[in-house]
Amino acid sequence: MTRGEFIRKKVSENLQHAMKDAEIPELGGGKRGKVRHVYSAADAHGEDILIISTSDRVSAFDVVLDRAIPYKGAILNAIAKWSFDQTQDIIPNALLRMPCSHIMIQKELVNIGFECVMRGYMWGSLATDYEKGMREKCGLPLMEGLLRYQKLAPPLFTPTTKARRGHDRDVTFEEMAVSLQQTLNPQGSAVNGWILARKVREISHLLYRRGEQLARKVGLTLVDTKYEFGLDSSGNLYLIDEIHTPDSSRYVVFSEWKQKWSGIQTTMESGKWPNVTQLLQDHPEFKVQELSKQLVRDLLIERGYDPNSGGSVTLRDEDVVETSARYIELYERLTRHEFDFKVDVPDGNGITATDASRP
């Protein structure tokens with residue numbers, strides 16, 4: 001039995017043990033997100049901390065699905081912890097410790113309010129909008145003649161913020177800088193918005209470069225990703241939330257991308273197809289398989305889900321198994337460690353009375 005077959009067998013045997021809820025009753029209250037449940041607490045010195053419990057829920061198109069993915073929460077935390085360790089020389093991070101596989105304890109900081117998206121390739125929504133005629137992203141001009149899956153040099157820094165209804169909204173670097181100046185200073189963070197924006201942009205580029213280097217060492221490439229940052233009371237910048245996980249990033253096998261990209265370039269020279277999306281409809285063999293949450297989005301669309309009108313579509317058992325397996329295989333490939341299937345159930349165990357105390 002190959003490792004891949006073993007992983008899929010283990011997942012199949014544990015389909016009913018996926019954790020749709022990550023609440024910790026011993027702590028009470030908290031804030032429920034799409035995937036995580038977050039509790040505010042304090043450490044022994046009275047410093048604010050967050051206890052973050054990660055479920056196995058999966059969301060797509062801003063909707064939490066009815067099926068959870070076994071081991072997903074543990075994988076997200078494991079990859080995030082490993083990636084935090086690999087990047088702490090670039091910027092300090094908020095992670096303090098992981099008392100169990102589904103729980104991270106982080107410093108509670110002032111979130112700067114932007115998701116800093118780094119794009120190394122023409123992929124996802126960027127490629128879709130470009131094929132529709134868009135030639136600017138977050139104030140950055142895009143040259144003519146780009147194709148889906150094409151590598152970008154240099155990578156693009158494309159920040160977003162939350163709109164009124166909770167959807168991501170693109171912003172320019174200038175808009176981010178002005179917003180940081182206006183919103184953070186009233187909260188007690190004595191910062192210069194423009195200096196902070198430039199620092200965030202520079203660190204995002206460094207983090208993406210490191211993530212791509214680590215991915216290439218194991219035969220992968222980091223297509224795109226997002227970073228979130230927070231400030232402490234002294235204005236020091238930290239990396240928060242998660243980093244380089246399959247929920248926040250796209251990975252592909254580099255050799256597969258290289259081979260298919262070469263074929264796409266050659267085929268598109270005929271002029272028969274107006275864009276790569278049209279080409280993929282006639283030649284699906286050129287589609288590059290992602291090691292990310294994109295698999296779930298693709299499966300939903302194949303089942304008839306319309307992101308614009310919504311509707312109800314359920315993942316099948318085989319879909320859940322494959323999604324979980326790809327997450328696990330990504331972890332093992334990145335870290336070069338076998339995943340431990342003996343994960344913990346989130347509860348009060350391992351969380352000290354100090355961790356759980358209210359600020």
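For the residues Lys107, Lys132, Lys137, the requirement of being within 28 Å of Ile51 (Cβ to Cβ) and basic (Lys, Arg) singles out Lys107. Based on what the data block shows, is Lys107 of a type in the set (Lys, Arg), under 20 Å from Arg36 (Cβ atoms) and either buried (at least 17 other Cβ atoms within 10 Å of the Cβ) or outside the structural domain of Leu76 (by TED's automatic domain parsing) (or both)? The answer is yes for Lys107. Yes or no: Pro25 of a type outside the set (A, V, I, L, M, F, W, C), loosely packed, with under 14 Cβ neighbours inside 10 Å and not in a strand (DSSP E or B)? In short, yes. Determine, yes or no, whether Ser40 is of a type in the set (Gly, Ala, Ser), within 23 Å of Phe341 (Cα to Cα) and assigned to a strand (DSSP E or B). No, not satisfied. Which condition from (1) touching a residue at least 40 places away in the same chain (Cβ under 8 Å); (2) of a type in the set (A, V, I, L, M, F, W, C); (3) touching a Lys or Arg at 6+ places or on another chain (Cβ under 8 Å) is the one that Leu15 breaks? Here Leu15 meets the rest and fails (3). Taken over region 27-48, residues that are in contact with a helix residue (DSSP H, G or I) (Cβ under 7 Å, 6 or more places away or on another chain) and not small (Gly, Ala, Ser) amount to 2.
Among the conditions (1) in contact with an Asp or Glu (Cβ under 8 Å, 6 or more places away or on another chain); (2) closer than 13 Å to Leu220 by Cα, the only one that His244 does not satisfy is (1).
Restricting attention to region 146-169, the residues that are in a strand (DSSP E or B), under 24 Å from Gln265 (Cβ atoms) and of a type in the set (Lys, Arg) add up to 1. The number of residues in region 297-325 being closer than 18 Å to Arg8 by Cα and surrounded by 21 or more Cβ atoms within 10 Å (Cβ to Cβ) comes to 6.
Yes or no, residue by residue, for (1) assigned by TED's automatic domain parsing to the domain that holds Cys116; (2) among the hydroxyl-bearing types (Ser, Thr, Tyr); (3) on the phi > 0 side of the Ramachandran plot; (4) in contact with a strand residue (DSSP E or B) (Cβ under 9 Å, 6 or more places away or on another chain):
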| site | (1), (2), (3), (4) |
| --- | --- |
| Arg135 | yes, no, no, yes |
| Leu140 | yes, no, no, yes |
| Leu147 | yes, no, no, no |
| Leu152 | yes, no, no, yes |
| Pro155 | yes, no, no, yes |
| Thr160 | yes, yes, no, yes |
| Ala163 | yes, no, no, yes |
| Val171 | yes, no, no, yes |
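Restricting the search to region 116-145, which residues are of a type in the set (D, E, K, R), surrounded by fewer than 18 Cβ atoms within 10 Å (Cβ to Cβ) and in a strand (DSSP E or B)? The one that is of a type in the set (D, E, K, R), surrounded by fewer than 18 Cβ atoms within 10 Å (Cβ to Cβ) and in a strand (DSSP E or B): Glu136. Among the numbered conditions (1) in the same structural domain as Thr160 (by TED's automatic domain parsing); (2) not in a helix (DSSP H, G or I), the only one that Arg198 does not meet is (2). For the criterion of being polar (S, T, N, Q), outside any loop (DSSP other than H, G, I, E, B) and buried (at least 18 other Cβ atoms within 10 Å of the Cβ), Ser12 fails.
The values are calculated or read from the model by the stated rules, or taken from the named source; none is laboratory data. For clarity, every value in this text was computed on a predicted model and none was experimentally measured. Cβ sites come from the backbone with ideal geometry, for glycine too, and all protein chains shown count toward neighbours.
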